[in-house]
Amino acid sequence: MGKFKEKIEDGRTWLDVKAWQARAWVKENPQQAVTVICTAIGAGVLMTKGMIKSARLHKEAVLKERYIYDRSLGKYWRLRRVPTQTEQLKIARLKKEGLGYAEILTSMKLL
């Protein structure tokens, strides 16, 4: 048997021992076990919600950096790179002047 298989077997043995010890503790302390388990489940739910929200916000931020939505066409324009702050100001100014996103982004070589 190789070292890797031995480590797997050692790990399984260790898990079996810990599972047996946990079952024995739960049988001896049922009220404390309920409290601990409920607290752990609540903490797990809160952590999961936080991680999901964080991932969603990160994804939205990345999309806002790389795409611009053109309401007149109902289309998203994918940018080659993230525009600098001065480029963003220039885009906003040209958009107020009435130019379309396609013209603006092409002239700035962002498409």
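Here, each number is a calculation from the coordinates, and none is a lab measurement. The shown structure was predicted, so the numbers you read here are calculated from the model rather than taken from an experiment. Virtual Cβ from ideal backbone geometry, glycine too; neighbours counted across all protein chains shown.
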Can you tell me which of ALA40, ALA24, ALA61 moves the most in a GNM of the chain? Springs connect C-alpha atoms under 10 Å apart. ALA24
Region 42-59 and region 19-41: distance between their alpha carbon centers, rounded to Å: 26 Å
If I fit a long axis through the Cα atoms of helix 3-28 and take the longest principal axis of the Cα atoms of the chain, what angle between them do I get, 0 to 90°, rounded to 10? 70 degrees
Calculate how steeply helix 85-96 sits against the longest principal axis of the alpha-carbon atoms of the chain, using the helix alpha-carbon long axis, and give the answer as 0 to 90 degrees to the nearest 10. 50 degrees
Charge dipole of the chain built from unit charges on the beta carbon (Lys, Arg +1; Asp, Glu -1), centred at mean Cα; most positive-end Cα among PHE4, VAL17, TYR67 is TYR67
Which loop GluC sites (Glu not before Pro) in region 26-111, with loop taken from DSSP, have no more than 11 other Cβ atoms within 10 angstrom of their Cβ? GLU97
Among all lysine pairs in the chain that are eight or more places apart or on different chains, how many have alpha carbons less than 26 angstrom apart? 23
For the pair ALA102/VAL82, report the inter-label distance in nm, with labels modelled 7 Å from Cα in the Cβ direction. 2.8 nm
So if each residue of separation counts as 0.36 nm, and I subtract the Cα-Cα distance between THR35 and LEU57, what length gain in nm does that give? 4.6 nm
Crossing angle, helix 30-66 versus the chain [Cα axis fit, 0-90 degrees, rounded to tens]: 20 degrees
Cα-based equivalent ellipsoid of the chain: semi-axis lengths in Å, sorted from largest, via gyration tensor: 58, 21, 9
Given the options LEU15, LEU73, LEU89, state which has the largest fluctuation in a GNM of the chain using a 10 Å cut-off (strictly under) for Cα springs. LEU15
